[in-house]
Amino acid sequence: MPKCGSTDLYSKLIWHPDLAKPPCGKENHFWTRSRLGKSTNHLKGGEVKKQSFDSFLKQIGPANMEGQTGSLLIDGTQSLLWDLLGWEARYPQSSKPPYSNAELIHLVAPMSKIIVIIRDPVERLYSDYLYFNGDDYGLHENRSALSFDDAVRAELGRFVGCLTKHNLRRCCYSSQNDPKMRLHLGVYITYVRDWYQLFGENMMVVSLEDYSKQPLPVLYRIYNFLQVPEPSRDDLSIYIKSTSKKNARSKSDSTKGGMLASTRKTPSRLLPAVQSRACRVPQRHKIPV
């Protein structure tokens, strides 16, 4: 999920000699955006030339992976977990999302290993709100803890209103969700369930809180999950200590401080609605965390 430490985790994974970054970089957004002719920038939007599957394969294919034969390719595209933006326009006769990205990936690569990193959803939302602003995103808003409070309350009211008309999954995937206040992304169960139903034990969920406190045990758990040899603990420890956290909150964002205490309590209003609509995962299908 965005702003959950995925960039830092990704950098630690591709440090392993048997794990490789594709030539196109950490994220390609092919399945969620470029194949549909959508901009890879979720805030700028607009249409772009559609990328073909052949073009995508050439972009990440063996010809571009010289010297990395036998390596596992690590795709860090976060939007794969949740982005079906525009499905209502593409399928006007459908009252619910007709497919999930999990189904697409399962069709072309059924043995894939899926790793999801999440964090406290309210902290994720605040970090997301502060980060996606500025030239890269076509925004120059004077964002603050106070403006965040106003935006949270407005989007929460809209989302709860959606739940009075539709089920939780329909609202989480709705194209009407505010791209500048992505509260819906914090309803992790909706998206994780879609993937877990298809990938089962080939899926792992990691929390940023655990990873931040104890990166070594978490990384070793992931290496074992991916079935790659365990690296030297000393070497990995040295690498972690010698590198700064990737994509951490900028100095300018840090000066804005934390969110208001009243804001932190506001999203809790969503919990009863979520709990009453979220299907419980059967005991035999508990997701490995």
Quarter of the surface of the C-alpha convex hull for region 140-212, i.e. direction-averaged projected area in nm², equals 7.0 nm²
Taking r as the C-beta separation of T266 and Q93 and R0 as 30 Å, the FRET efficiency to the nearest 0.05 is 0.25
Whole-Å distance linking the alpha carbon centroid of region 1-43 with that of region 201-220 is 18 Å
Over all directions, what mean area does the Cα convex hull of region 177-227 project, stated in square nanometres? 4.7 nm²
Kirkwood calc, region 1-109, C-alpha pairs only, radius in angstrom 15.4 Å
For region 75-127, what log10 I(q)/I(0) values come out of the Debye formula at q = 0.12, 0.14, 0.29, 0.32 1/Å, with one point per alpha carbon and no solvent? -0.40, -0.54, -1.13, -1.24
Probe 1.4 Å, all protein chains in place: accessible area of L81 in Å², nearest 10? 20 Å²
Partner lysines whose C-alpha sits under 25 Å from that of K165, ignoring same-chain residues fewer than 8 away, are K96, K180, K265
Proximal aspartates and glutamates relative to K246, as straight alpha-carbon distance under 17 Å, when same-chain residues fewer than 8 apart are discounted: D8, E27, D75, D128, E209, D210
In Å³ and rounded to a whole number, note down the convex hull volume per residue for the Cα atoms of region 94-227. 144 Å³
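The values are calculated or read from the model by the stated rules, or taken from the named source; none is laboratory data. What you are looking at is a predicted structure, and each value in this text was computed from that prediction instead of being measured. Using ideal geometry, Cβ is built from the backbone for each residue, glycine included, and neighbour counts are taken over all protein chains shown. Accessible surface is based on the protein model in full, side chains and every heavy atom, while ligands, DNA and RNA are left aside. Shrake-Rupley method; radii C 1.70, N 1.55, O 1.52, S 1.80 Å.
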